[in-house]
Amino acid sequence: MPNRVRKQNSSATENNVLSRPRPKADSKLNILRGRHLSEYPWLVHGFSTRSNGFSRAYGGNALNLGFTKEDSKAAVERNRAVFLAELESASDHGRTARSSASTKSPGLSPLITLRQIHSDIIHFVDSPPESQLAGDGLITATPGLLLGIQAADCLPIMLVDAKQRAIGVFHAGWRGTLKRIVEKGVGEMHRRFRSRPRDLKAAIGPAVHGCCYEVGREVREKFESQFSYAAKLFREVEDRDPVRDKYPMLFLTARPPGHGVLPKKIFLDLVEANRQQLLSVGVLAKNIEASPLCTQCRPDLLFSYRAEKGKTGRMMGVVGIRA
Ligand SMILES: [Zn+2]
């Protein structure tokens, strides 16, 4: 089974921009960008990766963008400043020399983040809030604001409506996915900006994938009670035990018939779950792009809460409309 997953990933990798972090010649940062979203010169966007920052708390020089308890505030602030500067100067492919000369003076746009609480709460913003908002989604049509979602396994998801020039960013772990955060995000963008689902482009950043995301049976049951397509989101594999593998007869003879079944491990494909939600509300399949990179498979490139047992930094997905 892992072979199938890996094979899919590798073929997707070849033509998926979100898998190829390529630093500019004058930058050390590796930023992942969506192919669709890169077409819009008025849009700033990117998903951070972990290398080449100022944090020392997570090995090497890490680009931790979250105020975690292990890291120093100064390091995170420096990381955020270089990441945002790089995003604002480099998101554009068409606007090169002219814009880099003319965009120096305005300085960085304000970054709006959330106290993320695994909810389905989505905030509309048209100016920087006075205090930090709690929730898991941000939408705006106001130029000059950067919207950021932090993640280290959960999905950061961007939605962009080029027709109405409106954007959104969402945080979806299993709880937020169960609460249909991204589905609701599409609905909120329609309500606020008249965005039509078929005009939306979606970019799903690096996150823990179905190859690694083991969940309990209760999570499967919750999804089954909510989604008609739940069965295709889960994969069950026998929990291989080296002793059992080596001495199968021992276990076959020691148990009465019907009791020799090995325990199952359950894996959830959260990327597919969110893709299904987007499709179910009318976002076109060709407009949904997902990074094939799994956080837990790639600790060299990405932060993973699970792989690093909670002691890890945060990456950020940031989207904004140029001022
Ligand atoms: Zn993985």
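Please treat every number below as a calculation from the coordinates, not as lab data. Every value quoted in this text rests on a predicted model; they were computed, and no experiment measured them. Neighbour counts are summed over all protein chains in view; Cβ atoms, including those assigned to glycine, are modelled from backbone coordinates with ideal geometry.
So the values come out like this:
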read-out	value
Computed lengthening from SER72 to ILE117, 0.36 nm per intervening residue step minus Cα-Cα distance	13.9 nm
Long pairs among LYS73/LYS309; LYS69/LYS184; LYS28/LYS73; LYS69/LYS201; LYS184/LYS222; LYS163/LYS286, criterion Cα-Cα beyond 28 Å	LYS69/LYS184; LYS69/LYS201
Anisotropy class of region 123-173 from Cα gyration tensor, a/c 1.5 cut	oblate
Cα centroid separation - region 284-323 against region 44-86, whole Å	14 Å
Packing rank of 230-239, 140-149, where each peptide gets the mean count of other beta carbons within 10 Å, highest leading	140-149, 230-239
Cut-off 15 Å between beta-carbons: net charge of the residues surrounding GLY187, Lys and Arg +1, Asp and Glu -1	+2
Estimated inter-spin distance, ARG175 and LEU133, nm [label 7 Å along Cα→Cβ]	1.9 nm
